[in-house]
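The structure appears below as structure tokens.
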Amino acid sequence: MRAAVGPDGWVTVPELLERVSRRTVARWVADGRLVRLRPGVLALPSSAAHWRTHVAAALEGREAVASHATALALWELLPHPPGPVHVTVAPALSGRGPASVVVHRRPGAFADRRRVDGLAVTSVERSVVETWGRP
């Protein structure tokens, strides 16, 4: 099953359906061998326990950037705090997400977009401003 999911431990449903049948996917989810991170994205339970997996899944296929404390953790400036990951989208996009993700909406969300380990992330400067005054 790990080979079908891939080395990162998570996969989009369309990608997984290229490798196995819909019935197999349904069985793996029902048996708890795969968990849903958000609609259309599944992960191995061991991978779903890691905050980086939630960031990658939250950013997959959408115009979003990792932000706030999550961005600072990706920049390796502080450890990621317990709880949800933070992403920012443009105001016109939905602010809804699964419980493991806090979705912020901000104009110009992508003006200072950078990449860390292949993930879209806000700049260090923006990340510090976003977390200023928060524990």
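The values are calculated or read from the model by the stated rules, or taken from the named source; none is laboratory data. Not measured: the values here are computed from a predicted model. For neighbour counting, all protein chains shown are included, and Cβ atoms are generated from backbone atoms with ideal geometry for every residue, glycine included. Surface areas here come from the heavy atoms of the whole protein model, side chains and all, with no ligands, DNA or RNA. Shrake-Rupley method; radii C 1.70, N 1.55, O 1.52, S 1.80 Å.
So which of Leu44, Leu72, Leu77, Leu37 ends up being open to solvent by less than 40 Å² (accessible area, probe 1.4 Å), under 24 Å from Val129 (Cβ atoms) and in contact (Cβ under 8 Å) with a residue 40 or more places away in the chain? None of the other options fit; the residue is Leu72. If you go through region 25-34 and keep only what is assigned to a loop (DSSP other than H, G, I, E, B) and surrounded by fewer than 18 Cβ atoms within 10 Å (Cβ to Cβ), you end up with Asp31, Gly32, Arg33.
Applying the selection to region 80-98, what residues are surrounded by fewer than 10 Cβ atoms within 10 Å (Cβ to Cβ) and under 15 Å from Leu59 (Cα atoms)? Matches in region 80-98: Ser94, Arg96. Checking Gly32, Gly108 one by one, the residue that is among the small types (Gly, Ala, Ser), within 26 Å of Arg2 (Cα to Cα) and over 12 Å from the mean Cα position of the chain (by Cα) is Gly32 and no other.
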